Each structure stands twice: as C-alpha cells, then as structure tokens.
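Let me begin by presenting the structure, written as structure tokens, before commenting on it.
A short reminder: the numbers here are calculations on the coordinates, not readings from a lab. Source: prediction; values computed, not measured. Note: ideal-geometry Cβ built from the backbone for every residue, glycine included; neighbour counts use all protein chains shown.
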Amino acid sequence: MKSKFYVTAFLLLLFAEFVYSQNWQEIKSVEEVCSAYPEVMEKMLGQFNLDYPGLEKVKTSLEAGELVDACTQLLQHYENSKNALHLRTEQPVESDKKEAVADSVLKNVFVIQNVKGELPVDEDGHRDWYYKGPNNDSEWAWLSNRHSQINHVFDVYLETGNPKYAQFIDLFLRDFIIKSMPYPAQRSITSVWRGLEVSFRAKVWSRIFYGLLNNNHLTPATRLLILSSLPDHAHYNRNFHGGNNWLTMEISALATVAANFPEYRNAEEWLSYSVEAMTESMKDQVYPDGVQTELTSHYHNVSLTNFEQFKDICDSANRELPPFFNQTLEKMYYYISHAARPDGYRILNNDGDRGSDRELILKGAAIYNKPEWEYIATNGGSGVKPADGPSWFFPWAGHLISRSGYDKDAHWSFFDIGPWGSGHQHNDKLHVSIAAFGRDLLVDAGRFAYTGEVAEKYRPYAKGSQSHNVLLIDGRGQGPGPTHAEEPVSKRHWLITEEYDLAWNSFDSFDSLVGKCTHTRRLFYARGDLWVVVDEIETDLPRNIEALWHWHPQCKVAANGINVTTQNERGNLLIIPVGEQDWEVSFVKGQEDPEMQGWYSEEYNKYEPNTASVYSTHIKSDSKFIWVLFPSENIAEGVIAEIINETPKEIKIRVATKENDEWVVSVPLSK
C-alpha cells in the first residue's frame, strides 16, 4: 500500500507538472502561480528586504508558511506604495479602437530593423524566443527579446483603451518569463540572456508594471512573475555587463530596477554600484570634447540617452552625481548640435544610420538653456545665432565640421582625421562627406547589418575602405588604427578662420601592403564657395592608386572628360582633378563581382545601389593629387580649375566659371 501511495503521488505530481506546462496560459491568480511555481515564488520573496517599511505583513505571512498570503500582501504593498510615481498613469477609457502596427504584434508579427517576421509558436504554446527572423539574423532574435514591441502595444493601449492590447501584454510577459526559466546566472550571448536584451526588458517591464498597477488586465500571476524575474535581470547587469555604450545601457537598467523597486534587498548596493560604474565609464567613454570614444554618431546618441536616463533615475532617488556628470552630458549635446547637417540629420559614420537629431538637439537646448543650439537646429528659425562657428573642430575625435552658415541650403562637410574608434569601427580615416543645398552628395556607405544574410554579403564592404571616400593603394584598403586618442589632435593639424577651414592628417597602415606608403590628406574649405582636397603619397615603390568618391543614391552622376558632376535638379557637386596626373575615370554601381562596390545603407538592413566614381592612376614615386569640389545649386557648366602657383608652403588655385565668376584660394601645405 505504501509503495502504491508513493507511485500515485508521483504520477499526480507528473500530471500536475504536465497540466501547468501545457496550460501556462491559464495561470492568472496568486494561488495558481504559487501552486505551479512554489520554488520560484519562495525565491522571489527571498529577494526582498522584508524589514522594508510596508512589508511587515509579507514577512509575517512568509514566516507562518503562508506563501499565497505573503504574495498577496506583496502585491497590495505595491498598489499602496509611492514608488515610481513618474511611471504611474491614469488608465484609459475602454474602447474598441485599433492601431495597425499593434495589431500586427498581436499576431506575433514583429518588424525588427526593417525586417518583418512572424515569431513561431511551439507545441507547448510558448513563442520561439530564439527565432532569428526570415534572414536567419541573430540581431533579429536579440532585438525581438528587448520587448520594444510590447512597449509600443502598451502605448497604443493607453491611447485607445482597447482591452485586447493590455491582455496581450499580460499573456506575452507570462509566456516569456515562464519560458525563460531558469535564469542561467552566467554571461551569455543567447537570444534571451544577453546583456543588452536584459537591460532593455528591465526598463520596459518597470514601465508596464507601474503603468498597469491598478489595471485588472495585468493579472496577479504576471505581476508576481515580473517581480520574480527582475532581480535576475539586475543580477545579470550587475555582474556581467560590458563596456562602452553597452555599459551605459546595462548599468542604467540596473539603476532602473534599484530605484523603482527599492524593496529588493540588494537595491541599495545596486544603485551604489551603478553610480560608481557609470561615472567611471563616462570618464573612460567620453572625450573632453564631448564625443563618445566609439566615434560613431549613432552610438554617441545611445550613450547620451542612457547617461541621461541614469541622471533622471538618480535625481528621482535623491542620489547626487558629481558635477562633471552633468557637464559631460552638456558637452555630448554640444557635439550633436554642432555636427548635424543643415537638415538636422546626424553624421553617417562608422556603424550608424542616417537619422535626424533635430528633436534631440532641441531637447538639449531646452535643458541647458542654449538658444544657439536651437538656432542651429531650426536653421535660424528661432533661438540665438551662435557667437562662434559656423565651423567647428573636435580635437579629441578629430572631426572637422565645416559649414557656410545655418540656413537649410548651407554647405556642410565632415572630415575625419582622428583615431579609429573604440568600437563599431570602419577603416575610413581621412574620409570626407559633403552636403549642400539640402542634398547629400558625397556619402559614407553606412553599416548594412551585423549578422544574417545581409551581413554575410555586405558587412566586409561596409567596414572596409572601399565603401568610403578615401584612397586605395595597390588595391589595398586601410588596416585598423589606434582605438583611442591619447591626446587631442595638435593645433598644427587644423585651423578655422572667418574665411576658411583647414585640417590634415596622415595614414600609413594599409592591409597587407608590400613596402611602405603614407597617405596625407588636406581638406581646405573656402567658406561659402568650394572645397579643395590635396592628397600626397610618399612611397618606396611604384603604386596603383584608386581615389574613391561615393555619391548618394539619389544623385544623377555623369562624367565630362575626367571631371565628374552630379546632374540633379537642385543641389550639385563638381569634382575637378587639378594638375598633370593622368587619370582614368569609371563609374561603378551595385557591383558584386569581382568585388563589392557602389552600395549604400541608410539604415540597418536597408541597402541600395549608389554610384562610386573611381579615379585610377599609376605612380612611380612620391606624388600629389589635387581635387576641387565645387558645389552649386544648379548644374555647373564650364567650370575650370588650375594651379597658378605652387611652393613647398602652399598651392594657389584659380577656379572660374563661364559666367566670369572667379575664386583664387591658397591651400597651406607646410606640416
């Protein structure tokens, strides 16, 4: 009889586990979640400081062995607490209004970095959280686990009051948390337990937990599961966080949990560690000129946003930060406000997307009372004209931003003479980008993708010199450079005056190149008129040289002899090689064989052909190449350029049009 009883009990236990594993969707009440996952709930309660004010009844019930009552009392505590008041929101009036994107999410159709995919559902009813999307892209799986999709659904629920959206969030979270058990408590790069995804979820869940605190559609079971999993998320970000912009995201998430859920027994330590780690990271991660060390405007903004979120968290928790923290945030805003193109879009450099910074700049202008930033961002529509500018040089980043003014049609260029970068680097030192008359003209190719089919095809091209406006030596592009600047670029390398801008630097580490070769490039901008690029080659061997100029895909490009010009209705650029060099010019667009050339990626996973003008020549020894880059609103015809004097100290160039307009510019050469 005794053995039969044990067998029966064992079968009942297996049956219970089977029922709950197959019907996890029905676990909604405190009683049901405690019955299904008693060890999880007990572990959760152990994560709390039960001596925290307001948790007295939780402690009493737990000591009495009343797990269900302890969990019930915990939920009542949060309903009555004053935590995270900034996350609490008035519940919407119920309606049947809908929103298309949210409705797609409800069908498990997610759009991740411009790629649409439907998350499969396994036999147990759980979504496949490891699904890599239609392109077999790990990035797709990672980003789908950040839960931005339910963040959007939550916003739509607050706007519409349609209960189906809140009910979906409830089931979605229950699905994920149950399926993600057990927490591995080790560094991971899996789709579910990688640090960035952990950090994003902690922020989204905090917002949903408090935003639906008094909403019956977020069930007690789901609330408790959130409270059981957040300490695991905090533990991961506390112990396994990365560096650079990863650290800013992960540590700001750790601080988010600590500040919004101070009842956790480790909350105070988490917050103290966050302050120490974040302040030290800011010192290491941001140069004195305010530029994030990865030297990509995209990830500069990622770090800025997370540093700012961290400051807000500390302010709400009455945790004081050192003065330099806010000073550095101001410098980071200064950089984006002064580096943006006249249309408000950021630099496209290294691993980044072509996105607008206008609203972010205006936000910074309001926070720091900088009407001159507002003036730049609004093309002089409001604010106060800057006393300096309109060009700026950031000496630690090595970025020269040249402008003719602040209007929407102003000339703009970006010239990179700084270090390689601490992450997300492209081999593109001495690259030049140009915009004028509201149009991108010479461009960086962008980042394409990191993993998956798109990356397999285009990633080497994106990172390589061949996708940038630089020189190839014997077909070889640049190798890696120094990741960090040990000191700012010397003042002898740059000069900004009222009439012109000048910067120069050299590079000598070409990938697998035989012999020695150094490329020195000077960029001279005659304000409001034109650019001159001077390329000098010092070499110990004869070389084949390719000068690359990549155009925005919307540019119509044609050759007139060895001159290359755009033929746009408005906003044009003419490239004139000046001097005796014998050039051959070819256009390459959308080429895959024998090598990739002529491709452009505005955003991650988006790509299209663009035209690359390839100038080819052979040199026997040291050589100098001079390029006049002449911008015009309409197509410029009959423009000539010639060297009228050259000394070791300068080159004097005359540029004239058939309308008898004439410019004479002197480009300094001395080092």
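In terms of the mean number of neighbouring beta-carbon atoms within 10 Å, the peptides 48-55, 237-244 order highest first as 237-244, 48-55.
Rg and Dmax, both from the Cα atoms of segment 20-85 and both in Å, are 12.7, 39.
Checked against a 20 Å cut-off, the cross-linked pairs LYS624/LYS652; LYS203/LYS331; LYS429/LYS649; LYS28/LYS82; LYS97/LYS179; LYS363/LYS385 give Cα-Cα distances beyond that limit for LYS203/LYS331; LYS429/LYS649; LYS28/LYS82; LYS97/LYS179.
Helix 67-80 sits at what angle to the longest principal axis of the chain, using alpha carbons and giving 0 to 90 degrees rounded to 10? Helix 67-80 sits at roughly 50 degrees to that axis. Label sites at GLU456 and ALA185, each approximated as a point 7 angstrom past Cα along Cα to Cβ, lie 3.8 nm apart. Rounded to the nearest 20, the Cβ-based charge dipole of the chain about its Cα centre (Lys and Arg +1, Asp and Glu -1) stands at 440 debye. No solvent, one uniform scatterer per C-alpha: report log10 I(q)/I(0) for the chain via the Debye equation at q = 0.09, 0.10 1/Å, two decimals. Reported log10 I(q)/I(0), two decimals: -0.83, -0.97. Candidate cross-link partners of LYS132 among the aspartates and glutamates, defined by an alpha-carbon separation under 14 Å and a same-chain spacing of 8 or more, comprise GLU118, GLU453.
For the residues GLU584, GLU159, GLU32, what sequence is obtained by ranking on other C-beta atoms within 10 Å, fewest first?
On the way: GLU584 11, GLU159 14, GLU32 18.
Ascending Cβ contact count within 10 Å gives the list GLU584, GLU159, GLU32.
For segment 512-603, the square roots of the Cα gyration tensor eigenvalues, ordered a ≥ b ≥ c, give a/c of at least 1.5 with a/b no greater than b/c, which places it in the oblate category.
Name the shape class, rounded, prolate or oblate, that the alpha-carbon gyration tensor gives for segment 281-388, where a ≥ b ≥ c are the square roots of its eigenvalues, rounded holds for a/c under 1.5, and otherwise prolate holds if a/b is larger than b/c and oblate otherwise. The shape class here is oblate.
The ALA656 and GLN327 beta-carbon pair, evaluated with R₀ = 60 Å, returns a calculated FRET efficiency of approximately 0.80. With neighbours defined as other Cβ atoms within 10 Å of a residue's Cβ, the residues ASP407, ASP444, ASP357 order from fewest to most as ASP407, ASP357, ASP444.
Candidates TRP531, THR647, SER402 compared by Cα position along the dipole of segment 390-668: farthest toward the positive end lies SER402, with charges placed on Cβ. Taking label positions 7 Å along the Cα-Cβ direction at both GLU94 and ASN318, the computed distance is 4.0 nm, reported to one decimal. For SER35 and LYS589, the difference between the fully extended length at 0.36 nm per residue and the C-alpha to C-alpha distance is 193.1 nm.
Each of MET596, MET278 has some number of other Cβ atoms within 10 Å of its Cβ, and from fewest to most they run MET596, MET278.
R0 = 25 Å: FRET efficiency of LEU75 with GLN25, Cβ-based, nearest 0.05? Write out the running numbers ahead of the final one.
Values: r = 20 Å, r/R0 = 0.81.
Efficiency for this residue pair is about 0.80.
Seen through its C-alpha gyration tensor, with square-root eigenvalues sorted a ≥ b ≥ c, segment 544-671 comes out oblate because a/c lies at 1.5 or above while a/b is not bigger than b/c.
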